[in-house]
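For reference, the structure discussed in these notes is given below.
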Amino acid sequence: MLRTVEITAELTGLRKGEEFHNLHWQPKLELSLDCFICERTERTTSFEYGQEHAVCSGDQKHPQHPAAARITGFDVTHEQERLILRTVVDYWWAPFHDTKRATASAALTRWVRLHAAYLCPHSRQTGEFSTQSNVVRPVSQTCRCGQPLATSSSCPSIRQLT
């Protein structure tokens, strides 16, 4: 079955002027998906926008392998002191039983990690950080130069569309 999820996230507290760090969402993410190829639940699956397939982390028996999944939409909105991401992911899912964990597979994803990057105007160096759905909020990020970059006050949302 083809499944589609919409993931939305927001970073707030972005700076302007001399403190502007050109903060932006990177077109990549990781989702926890149940993989019918290696028949394991809760596999970290890596996505990059524009790639034809994702990559499942696999396990010892089935090492990292292509997954029938991809990012189909990646939309960023810049508002005053806010950076909003909306991305859509399609993936194929089929029922199976994970014998190692003695659990049945589920079509819903449980966890997401999103990536952001920036350019420090003081050091002229780039930096990256990630935010994920399974951390305590709020979470603030700071540049190496000491300037605050952004705050993640709410958990990224994952909404099943189909």
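The DSSP beta bridges internal to region 1-151 are antiparallel in roughly 100% of cases.
Which whole-number percent of Cα pairs in region 44-123 have a distance greater than 17 Å? Here the long-distance tail beyond 17 Å is 61 percent of all Cα pairs in region 44-123.
For the chain, the alpha carbon convex hull comes to 120 Å³ per residue, rounded to a whole number. Counting protein heavy atoms only, the chain has 49 percent of its accessible area on carbon and sulfur, 1.4 angstrom probe. Between region 118-141 and region 50-108, how many Å separate their Cα centres? Centre-to-centre distance over Cα atoms comes out at 22 Å. Sorting 10-22, 32-44, 96-108, 79-91 by average packing, meaning the other beta carbons within 10 Å per residue, from highest down gives 32-44, 79-91, 10-22, 96-108.
The values are calculated or read from the model by the stated rules, or taken from the named source; none is laboratory data. Just so we're clear, the structure is a prediction, and the values are computed from it rather than from any experiment. As a convention, Cβ positions derive from the backbone with ideal geometry for all residues, glycine included, and neighbour counts pool all protein chains shown. The area values use the complete protein model at the heavy-atom level, side chains included, leaving out ligands, DNA and RNA. Shrake-Rupley method; radii C 1.70, N 1.55, O 1.52, S 1.80 Å.
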